């Protein structure tokens with residue numbers, strides 16, 4: 001692996017920035033060098049929200065700081081999928097929240113995985129607010145970049161105390177559902 | 001201490017951590033984008049290390065407060081952006097003239113004037129060197145990653161304390177909005193230096209009498225029993241106003257020469273594929289990361305590109321630059337202004353064509369944009 005580019009996009013309120021931050025922390029613990037930037041619109045709900053991560057083995061190779069063509073893209077909402085598809089490689093691994101995105105919106109050539117993160121969060125964890133963590137649990141299983149235990153450790157250390165248990169459960173749910181999807 | 005830990009920090013947070021490791025005890029600042037989150041970070045953290053964080057009424061008060069704190073013996077710092085840096089101009093000269101160790105973090109955004117507060121830029125290459133009136137010495141360091149923001153802030157304190165000069169850490173909007181892995185080394189893994197203390201008894205001590213080898217006077221702080229005069233007018237070794245040729249000449253020369261004499265502890269640069277480079281790029285800060293990608297991709301196509309990156313901007317590693325340019329047919333300076341660093345590069349590299357690629361863009365230029373802007377020479 002030389003340079004891996006990951007993009008997570010969705011709308012404001014979906015916890016995209018927190019997901020990017022927790023993913024970065026987890027990858028660092030795993031031993032990678034990570035560069036993470038984010039962009040978002042002024043609205044706290046409903047606007048654009050995007051987190052970009054460059055994952056490298058060594059710091060010495062840390063060149064251009066942004067995503068050019070994502071190798072892995074996560075879309076949590078359809079509007080951002082349409083908006084940022086051009087920043088995704090034609091053969092990328094694309095993971096989408098099928099609660100909000102229909103299969104026909106996905107490009108041919110992409111290695112696409114559809115999982116209803118938001119629906120799972122709502123129905124099985126009790127709140128849609130942890131859909132981002134369900135996604136991170138699934139991402140662990142799908143990409144193998146980090147383990148579920150490493151993610152859980154990050155959650156334990158960085159999530160507000162009252163939310164830890166719920167988030168741990170969300171991470172496990174995501175991992176399990178990805179497993180069921182054959183990942 | 002001793003144990004290094006890992007951080008996932010933007011350059012503001014990394015610089016704050018570096019300052020804490022270096023022994024920062026007093027921070028004063030006035031909020032400004034993109035330096036406010038450094039301020040907030042320190043406000044939460046520095047008191048736990050026995051330090052003080054003050055929000056002053058403006059940037060002028062902030063810099064004067066850190067100058068006073070430094071004379072009281074505290075390692076002192078402020079952080080700002082272009083507009084605040086301009087306000088600090090007079091007092092930076094005061095710190096240079098009174099040989100007060102201070103560190104200033106300057107996060108460049110798009111100027112001039114209020115410019116675009118939420119966009120990046122590199123308009124202060126020249127201002128950082130000549131911000132205040134008169135001729136004096138100053139050191140400017142330029143990180144290009146969070147790791148360097150940490151390392152160079154420690155280095156900035158070491159230079160400030162040891163050479164008794166103001167040191168500017170010149171970062172940019174992109175760096176302070178990007179998180180990266182940072183190894184937070186602690187002493188003894190990283191060197192932390194203290195100011196030189198007087199060896200003479202109070203009766204014989206003269207506050208501006210330099211040691212002959214490094215041209216730096218040992219510094220007595222307030223309250224240590226020494227007679228200390230903080231004099232910003234032309235002064236002799238005692239600190240007495242002395243408007244006479246030989247005293248004035250001796251003082252101004254020493255304020256500049258003490259950095260030259262101690263160049264080894266200041267000058268730093270990095271190279272990327274320069275050994276056989278036919279096209280040598282020169283860039284610093286976040287835009288140098290984009291140029292790295294240009295060089296890397298050109299090398300894959302067999303094109304002999306290289307990058308020289310000044311880490312100390314003032315003074316620059318002139319020898320290193322000349323060596324990197326040795327085999328080059330041309331030198332291309334990429335900077336996010338309308339041509340500032342290029343003037344220094346032209347002065348240093350005299351036997352090659354030096355071209356300017358000015359990028360007046362509001363966000364970090366992509367490698368493609370740089371190649372496009374430099375196309376006529378590639």
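Couple of notes before you dig in:
Each row is one residue, and each column tells you yes or no for (1) surrounded by 15 or more Cβ atoms within 10 Å (Cβ to Cβ); (2) under 15 Å from residue A:67 (Cβ atoms); (3) within 14 Å of chain B (Cβ to nearest Cβ); (4) touching a residue at least 40 places away in the same chain (Cβ under 8 Å).
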position	(1), (2), (3), (4)
A:4	yes, yes, no, yes
A:7	yes, yes, no, yes
A:12	yes, no, no, no
A:18	yes, no, yes, yes
A:24	yes, yes, yes, no
A:34	yes, yes, yes, no
A:37	yes, yes, yes, no
A:41	no, no, yes, no
A:45	no, no, no, no
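- Selection from the stretch B:272-310 of residues that are surrounded by fewer than 22 Cβ atoms within 10 Å (Cβ to Cβ), more than 10 Å from chain A (Cβ to nearest Cβ) and not in a strand (DSSP E or B): B:273, B:275, B:276, B:278, B:298, B:299, B:300, B:301, B:302, B:303, B:304
- Meets criteria (within 15 Å of the chain's Cα centre (by Cα) and part of a helix (DSSP H, G or I)) for residue B:96: yes
- Residue B:192 vs. criteria touching a helix residue (DSSP H, G or I) at 6+ places or on another chain (Cβ under 8 Å) and either surrounded by 19 or more Cβ atoms within 10 Å (Cβ to Cβ) or under 30 Å from residue B:110 (Cα atoms) (or both): no
- Residue within the stretch B:74-87 that is closer than 23 Å to residue B:220 by Cβ and surrounded by fewer than 24 Cβ atoms within 10 Å (Cβ to Cβ) present: yes
- Against the criterion of being modelled with pLDDT of 95 or more and either farther than 28 Å from residue B:366 by Cα or in a loop (DSSP other than H, G, I, E, B) (or both), residue B:249 qualifies.
- As a summary of the residue check, residue B:71 satisfies the conditions (1) buried (at least 18 other Cβ atoms within 10 Å of the Cβ); (2) within 28 Å of residue A:157 (Cα to Cα); (3) over 20 Å from the mean Cα position of the chain (by Cα) except for the one numbered (2).
- Residues that are buried (at least 18 other Cβ atoms within 10 Å of the Cβ) and over 25 Å from residue B:195 (Cα atoms), drawn from the stretch B:14-37: B:30, B:32, B:34, B:35, B:36, B:37
Conditions tested, residue by residue: (1) under 25 Å from residue B:68 (Cβ atoms); (2) modelled with pLDDT of 95 or more; (3) not in a strand (DSSP E or B).
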| residue | (1), (2), (3) |
| --- | --- |
| B:154 | yes, yes, yes |
| B:157 | yes, yes, yes |
| B:167 | yes, yes, no |
| B:183 | no, yes, no |
| B:191 | no, yes, yes |
| B:194 | yes, yes, yes |
| B:197 | yes, yes, yes |
| B:208 | yes, yes, yes |
| B:212 | no, yes, yes |
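- Residue A:80 passes every criterion in (1) under 21 Å from residue A:111 (Cα atoms); (2) away from every other protein chain (no Cβ under 12 Å); (3) in a strand (DSSP E or B) apart from (3).
- Residues in the stretch A:52-73 that are more than 10 Å from chain B (Cβ to nearest Cβ), part of a strand (DSSP E or B) and in contact with a helix residue (DSSP H, G or I) (Cβ under 7 Å, 6 or more places away or on another chain): A:55, A:70, A:72.
- Qualifying residue in the stretch B:252-271 (condition: without any contact (Cβ under 8 Å) to a residue 40 or more places away in the chain and closer than 19 Å to residue B:348 by Cα): yes
- Being more than 14 Å from chain A (Cβ to nearest Cβ), within 22 Å of residue B:178 (Cβ to Cβ) and either assigned to a loop (DSSP other than H, G, I, E, B) or within 25 Å of the chain's Cα centre (by Cα) (or both) is a property that holds for residue B:360.
- Unique match (being touching a strand residue (DSSP E or B) at 6+ places or on another chain (Cβ under 9 Å) and at pLDDT 95 or above) among B:234, B:220: B:234
- All helices (runs of 4 or more DSSP H) inside the stretch A:96-183 with 2 or more residues being over 22 Å from residue A:25 (Cα atoms): A:117-120, A:164-180
The values are calculated or read from the model by the stated rules, or taken from the named source; none is laboratory data. Note that this is a predicted model, so its numbers are computed, not measured. As a convention, Cβ positions derive from the backbone with ideal geometry for all residues, glycine included, and neighbour counts pool all protein chains shown.
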